[in-house]
Amino acid sequence: MLKSIASRIGQTLIVIVGVAMLIFFLLRIVPGNAVATMMSEHADAATIARISAELGLDKPWYVQFWIYITGALHGDFGTSYALHRPVKELLLLSFPNTVKLAVLAALVAWIIGVLAGIVAAQKKNGFLDRIFMGFSLLGVSMPVFMVAMILQYTIAYKLHWLPISGGDSLKCFILPAIALGWNSAGSIARLTRSTLLEVLQEDYIDTARAKGRSQMGVIVLHALRNAMLPVLTMMALQLSSLLSGAVITETVFGINGIGRLAVDAISGRDIPLLQGTVLFTTVLVVLGNLVADCLYTVLDPRIRKEA
Amino acid sequence: MEQEYTLQIENLRSSFLTDNGEVKAVNEVSINVPKGSIVGIVGESGCGKSMTARSVMRLLKYPGKIMGGSILLEGKDLTQLSEKEMQSVRGGEISMIFQEPMTSLNPVVKVGKQVSEAAMLHQNISAAEAKELVLEIFRRVGISEAEKRYESFPHQLSGGLRQRVMIAMAMICRPKLLIADEPTTALDVTVEAQILKLMKQLRDETGMSIIIISHNLGVIAELCDYVYVMYAGRVVEEADVFTLFESPRHPYTKGLLNSVSALELEQERLETIPGSVPNLRRLPAGCAFCARCAYAMEYCPEQLPQLQEVAHGHRVRCHLVEGGAANGEE
Ligand SMILES: Nc1ncnc2c1ncn2[C@@H]1O[C@H](COP(=O)(O)OP(=O)(O)O)[C@@H](O)[C@H]1O
Ligand SMILES: [Mg+2]
């Protein structure tokens, strides 16, 4: 088991290095001169050349790459062109907000999704099942920004229950978390319901009943653990969609997070900042997948054996 | 001396209430299980054996439902118990072993834990005490290296070992009755013999009663004291094991026996009786076996024969035995 986890960690490192290279080259391929964009229209050629030299953009690409990679390894992503502050500092400043948002959204998605899935499976084809599955279909099919705007309009603007945007208190994160988690909650609810219904047909469920377990005991102690295996995979996969959704959510709700930083970096052609944010989120997603894999290995002894 | 019964099933009717109508899988079945005896239920696949067993456990597959009759466990009618009361019967007073050892254990839980779970559900004991009980019962059912096996997951064990684990799980609360639904069908012949021997030995040691379900008459002959032969949801013949094998009276029972001797007790499907099992949705008003019966008379499809006592404890559901008429001797 340790061996399989070690090899997964190795793979993870390779993925991170690969992505780091990919980001670097993609950003150089994109047409348009970064400095010209920054300076807007009144910059003359001489200024552009001077600033390019200052930023090291006149050096050959392999020198730039070397600086970028060695820097990144030391946690140094350069200095933001637009904000004139080290990218690392900006990342560390926005990171807690994104984490807060993503964790809350994941909690919304997982708790609501799993619970709704269990109830729906229990009341298969009943009233609650239909209600929950209807909602989850809405969840799966509505884009994040739409949910966000509906929530802003109804809960915040019309009902004044929660702030529309901005702020740092937990209260300000509730609507964004729901908007962001809604989508995942829908797909988790559907998957939980269908795998649970499938698992409940298994012979070992009969065995558990035959030894005198109650319906609740059967579900919690025997069915869920098996049904959760595919759900867990989905949760890990959703981590990346949660983070990309965070870009939109943070923008709509005015949260100073990594996603918003990335949006600013893109519109301002702020190459170091963009490299930093993308690399940072990549590491988050890859680590999330790694954790899910390790959990999967712990939960499913059959995989432990094969490895 | 009056006979004491562990289980008395009386006129049990269980059906699947499907969208296309009622499927009468168990039809007016009465089965008595004397204390300490091993009772066999035999019949072709689909005749309602599992449904009968699951009715006793009140664990019918959806959309199955008990429609009538009573199931008395030492006089207590299980059909009248609440679900909560039934939970303390399951695994405590009656245990059940299923056909597929490969899929009957939870793949993600250690087998030792699965067995100790059963112990802790019905006995007021600590986890450590439960583990001791499990190790003890593992040794008793012939699981070597009990300590190591306790920590194993199902996929690490052979079919035979898994079935031993299932037996350990069933036995750990010393039930009054063990129901084994085709416990050896999925196992090879040598392992089958070992498991059957184990069950008999456990009965001798504990004095519990056993219902064993099989489509294999070899298993029945090996193990049982009394036998019920089922066909299309009904009992068609019942007798003690010697009588049944020595002087069967129902043409269906005879057919089963012939097919076995023809195959030299090989475990083949019992298909040497010509024809196939009737559709339970469209049963004839009379005897369900008549379409395949070499001795069928003209009123057999219309008139349902009743179970007739032809000798002490030997009952047959066939018009041929009524009123001492011809008994189908070849
Ligand atoms: N879900 C169901 N709906 C309708 N009929 C069913 C269903 N499940 C089983 N049956 C029928 O119930 C009958 C009894 O099945 P079962 O007790 O499992 O037979 P056995 O154990 O003797 O092989 C079979 O004839 C089968 O066709
Ligand atoms: Mg069966």
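The values are calculated or read from the model by the stated rules, or taken from the named source; none is laboratory data. Remember, it's a predicted structure, so these values are computed and weren't measured experimentally. Quick reminder, even Gly has a Cβ in these numbers, built from the backbone with ideal geometry, and neighbours come from all protein chains shown. Just so you know, the surface numbers come from the protein's heavy atoms only, side chains and all, with ligands and any DNA or RNA stripped out. Shrake-Rupley method; radii C 1.70, N 1.55, O 1.52, S 1.80 Å.
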**Request:** Specify which of the listed residues (B:GLU266, B:GLU309, B:GLU322, B:GLU237) is modelled with pLDDT of 90 or more, of a type outside the set (A, V, I, L, M, F, W, C) and more than 16 Å from ligand 1 (Cβ to nearest atom).
**Result:** B:GLU309
**Asked** Assuming B:GLY112 fulfils every condition listed in (1) within 16 Å of ligand 1 (Cβ to nearest atom); (2) crowded, with 20+ Cβ neighbours inside 10 Å apart from one, which condition is it?
**Response** (1)
**Prompt:** Of all residues in segment B:189-223 being open to solvent by 20 Å² or more (accessible area, probe 1.4 Å) and within 16 Å of ligand 1 (Cβ to nearest atom), which is farthest from the other protein chains (Cβ to nearest Cβ)?
**Reply:** B:ASN216
**Asked** Among the residues of segment A:205-216 satisfying the criterion of being among the polar types (S, T, N, Q) and open to solvent by 30 Å² or more (accessible area, probe 1.4 Å), which is nearest to the other protein chains (Cβ to nearest Cβ)?
**Response** A:SER214
**Complete:** Just one listed residue, out of A:LEU229, A:LEU273, A:LEU237, is within 14 Å of another protein chain (Cβ to nearest Cβ), among the aliphatic types (A, V, I, L, M) and within 24 Å of the chain's Cα centre (by Cα), and it is A:LEU229
**Prompt:** Which of the residues belonging to segment B:45-60 are more than 13 Å from ligand 2 (Cβ to nearest atom) and open to solvent by less than 10 Å² (accessible area, probe 1.4 Å)?
**Reply:** B:VAL56, B:MET57
**Prompt:** Just checking, how many residues over segment B:45-96 are more than 9 Å from chain A (Cβ to nearest Cβ), closer than 27 Å to B:THR184 by Cβ and more than 13 Å from ligand 1 (Cβ to nearest atom)?
**Reply:** 5
**Message:** Quick test for you: out of B:ILE179, B:ILE195, B:ILE213, pick the one residue that is modelled with pLDDT of 95 or more and within 22 Å of B:VAL134 (Cα to Cα).
**Reply:** B:ILE179
**Message:** So the check is Cβ under 6 Å with 6+ separation or different chains; which pairs have a first residue in segment B:1-16 that's over 11 Å from B:ILE71 (Cβ atoms) and a second one that's open to solvent by 10 Å² or more (accessible area, probe 1.4 Å) and not in a strand (DSSP E or B)?
**Reply:** B:GLU4/B:LYS35; B:THR6/B:LYS35; B:THR6/B:LYS176; B:PHE16/B:PRO63
**A:VAL144, sole failed condition from (1) without any contact (Cβ under 8 Å) to a residue 60 or more places away in the chain; (2) more than 30 Å from B:GLN99 (Cβ to Cβ)** = (1)
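Yes or no, residue by residue, for (1) open to solvent by 20 Å² or more (accessible area, probe 1.4 Å); (2) more than 23 Å from A:ALA105 (Cα to Cα):
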site	(1), (2)
A:THR192	no, no
A:ASP203	yes, yes
A:VAL220	yes, yes
A:MET228	yes, no
A:VAL231	no, no
A:LEU237	yes, no
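Matching residues to (1) away from ligand 1 (no atom under 16 Å from the Cβ); (2) crowded, with 21+ Cβ neighbours inside 10 Å; (3) over 28 Å from B:ALA53 (Cα atoms); (4) within 24 Å of the chain's Cα centre (by Cα):
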position: B:LEU133; (1), (2), (3), (4): yes, no, no, no
position: B:VAL141; (1), (2), (3), (4): yes, yes, no, yes
position: B:GLU147; (1), (2), (3), (4): yes, no, yes, no
position: B:ARG162; (1), (2), (3), (4): yes, yes, no, yes
position: B:ILE167; (1), (2), (3), (4): yes, yes, no, yes
position: B:ILE172; (1), (2), (3), (4): yes, yes, no, yes
**Request:** Quick one: which residue in B:VAL29, B:VAL42, B:VAL23 is within 16 Å of ligand 2 (Cβ to nearest atom), away from chain A (no Cβ under 11 Å) and more than 17 Å from the chain's Cα centre (by Cα)?
**Result:** B:VAL23
**Asked** Going through segment B:179-188 one residue at a time, which ones are open to solvent by less than 10 Å² (accessible area, probe 1.4 Å) and more than 11 Å from chain A (Cβ to nearest Cβ)?
**Response** B:ALA180, B:PRO183, B:THR184
**Request:** Examine segment A:77-90 for a residue that is within 20 Å of A:VAL231 (Cβ to Cβ), in a helix (DSSP H, G or I) and touching a Ser or Thr at 6+ places or on another chain (Cβ under 9 Å), and state whether such a residue exists.
**Result:** no
**Asked** Given the structure, is B:VAL165 more than 16 Å from ligand 2 (Cβ to nearest atom) and within 14 Å of chain A (Cβ to nearest Cβ)?
**Response** yes
**Fill in**
Exception for B:MET67 within (1) buried (at least 21 other Cβ atoms within 10 Å of the Cβ); (2) more than 23 Å from B:VAL241 (Cα to Cα) falls at (1)
**Asked** Considering segment B:198-249 alone, what residues qualify as being away from ligand 2 (no atom under 16 Å from the Cβ), touching a Leu at 6+ places or on another chain (Cβ under 8 Å) and in a loop (DSSP other than H, G, I, E, B)?
**Response** B:MET208, B:PRO248, B:ARG249
**Asked** Here are some conditions: (1) under 22 Å from A:ASP168 (Cα atoms); (2) assigned by TED's automatic domain parsing to the domain that holds A:ALA185. A:THR277 meets all but one. Which one does it not meet?
**Response** (2)
**Prompt:** Here is a list of conditions, (1) more than 16 Å from ligand 2 (Cβ to nearest atom); (2) of a type in the set (Asp, Glu); (3) buried (at least 16 other Cβ atoms within 10 Å of the Cβ), and B:GLU100 meets all of them except one; can you say which number that is?
**Reply:** (1)
**Item:** Any pair with Cβ under 6 angstrom, 6 or more apart, that starts in segment B:224-244 at a residue that is surrounded by fewer than 24 Cβ atoms within 10 Å (Cβ to Cβ) and ends at one that is aromatic (Phe, Trp, Tyr) and assigned to a strand (DSSP E or B)
**Value:** B:ASP240/B:TYR226
**Qualifying residue in segment A:297-304 (condition: assigned by TED's automatic domain parsing to the domain that holds A:LEU107, in a helix (DSSP H, G or I) and either of a type in the set (Gly, Ala, Ser) or surrounded by fewer than 17 Cβ atoms within 10 Å (Cβ to Cβ) (or both))** = no
**Among residues of segment A:115-156, those that are assigned to a loop (DSSP other than H, G, I, E, B) and surrounded by fewer than 16 Cβ atoms within 10 Å (Cβ to Cβ), counted** = 5
**Test for B:SER55: is it of a type outside the set (A, V, I, L, M, F, W, C), within 15 Å of the chain's Cα centre (by Cα) and not in a strand (DSSP E or B)** = yes
